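Quick notes on the structure that follows.
The values are calculated or read from the model by the stated rules, or taken from the named source; none is laboratory data. The structure presented is a predicted model; accordingly, all values stated were derived computationally and were not measured. Note: ideal-geometry Cβ built from the backbone for every residue, glycine included; neighbour counts use all protein chains shown. The area values use the complete protein model at the heavy-atom level, side chains included, leaving out ligands, DNA and RNA. Shrake-Rupley method; radii C 1.70, N 1.55, O 1.52, S 1.80 Å.
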Amino acid sequence: MAKDKLIGVDLGGTTIKFAILTDAGEIQQKWSIKTNTFDEGSHIVPDIIESINHHLDLYQLDPERIIGIGMGTPGTVNRDTGTVTGAFNLNWKTEQPVKANIETGTGFKLTLDNDANAAALGEAWKGAGNNDDEVSFITLGTGVGGGLVSNGQLIHGTAGAGGEVGHVVVEPNGYLCTCGNHGCLEQYASATGVVRLAQDSAEEYVGSSKLKQMISDGDEVTSKIVFDLAKDGDFLANEVVNKVAYYLGYATAAISNILNPSAIIIGGGVAAAGEFLRARIEKEWTKFAFPTVRASTRVKLAELGNDAGVIGAASLARV
């Protein structure tokens, strides 16, 4: 019997997403379960095993057809040992032997990588990257992550820190980052970074602005609210968006000048602002990009949404 199915797992702090795909990357079935982080995350791997085995039975899918499982996970992945460390949002306080346990529990080979890398592979393979071998991906959420694909392969670096685009320094001596450095992109372009920029900008702004009024009144302000107010013409909100676009344009141009990808793709929750944000990033990117890069690289929005993680994870199992 031909092996023609892939299983993709996108492990997140609140939800675990699963998909069964063809070897060409088409999703045939998908489902999700809640991530149980109680008891130091000890239920997570058993839940993944149980869910995969249950759904293969449910769909009456012969295990002989499964090529393998690919999984994207938070934390630092040791791809040689198949272990995960530092996944604090999963309540994993020690090194986790994820690969060995899942392979034993399912009988399938498991390939692991970081969740942002998996999403990058998904967009490169079936999304805005158009299956090109040279694609850079940046995801804007609670933090800023990313993945860099060159020669069709993820760049991991010597210690697995390749592609940590959220820690490109865009403002020397700027905001303190959780990594210990100052001025990292994550502190300016993540959802929390946008709000911080808005709060600091509001302190200095003396004109009329709904955004300033909300901040002065102590109302809850989110990155979505900042972008929505900017779209409605709020001057201060637009100034904040312009700052965010400047930092993103600067960082993505630096990445583009080094790698010259066919596309630098922007995804994640903050990128839901869509063309309104992308066009401003591209305007700043153009100022900093090397001439050859300006002519050959495109700044694009991600296309796969929440499916990027499971599709990219599944692609890990192809190798």
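Listed values for segment 280-294 are Karplus-derived 3J(HN,Hα) couplings in whole Hz (6.51 cos²θ - 1.76 cosθ + 1.60, θ = phi - 60°), namely 6, 5, 4, 4, 6, 3, 4, 5, 9, 6, 4, x, 5, 5, 4, and x replaces Gly and Pro. For residue 126, what is the net charge nearby, where nearby means another residue's Cβ is under 11 Å from its Cβ and Lys, Arg count +1, Asp, Glu -1? After counting each charged neighbour, the total is -4.
So if I place +1 on the C-beta of Lys and Arg and -1 on the C-beta of Asp and Glu, and nothing else carries charge, what would the dipole magnitude of segment 204-319 be about its Cα centre? I want it in debye, nearest 20. It would help to have the intermediate numbers written out before the result.
On the way: 13 positive and 13 negative charges, 123 e Å.
Dipole magnitude for segment 204-319 comes out near 580 debye.
Quick check: net charge around residue 185, other residues with Cβ under 14 Å of its Cβ, Lys/Arg +1 and Asp/Glu -1? Mind showing how you got there, number by number?
Numbers: positive: 196, 243; negative: 164, 171, 186, 284.
After counting each charged neighbour, the total is -2.
For the chain, the Cβ-based charge dipole about the Cα centre amounts to some 540 debye (Lys, Arg positive; Asp, Glu negative; other atoms uncharged).
Residue 309: net charge of surrounding residues, Cβ under 14 Å, Lys/Arg +1, Asp/Glu -1, itself excluded? Mind dumping the intermediate values first?
Working: positive: 17, 30, 126; negative: 10, 113, 115, 123, 303, 307.
Net charge in that neighbourhood comes out at -3.
In plain terms, the bigger the Kirkwood radius, the slower the diffusion; for segment 42-195, with that radius from Cα pairs, at 10 °C and 1.306 mPa s, Stokes-Einstein puts D at 93 µm²/s.
DSSP assigns beta bridges within the chain; of those with both partners inside it, close to 60 percent run antiparallel. Distance check, please: which entries in 212/287; 34/224; 5/126; 210/231; 126/300 exceed 20 angstrom between their Cα atoms? Cα-Cα > 20 Å for 212/287; 34/224; rest within. In terms of Cα atoms, the Rg and Dmax of the chain work out to 20.5, 71 Å. Note on residue 205: accessible area is roughly 50 Å² with a 1.4 Å probe, heavy atoms of protein only. Counting only lysines at least 8 places from residue 99 when in the same chain, those with an alpha carbon closer than 17 Å to its own are 109.
Heavy-atom accessible area, probed at 1.4 angstrom with all protein chains present, ranks 235, 276 as 235, 276, highest first. Any idea how far the Cα center of segment 73-129 sits from the one of segment 256-319, in Å? Between the Cα centres of segment 73-129 and segment 256-319 lies a distance of 22 Å.
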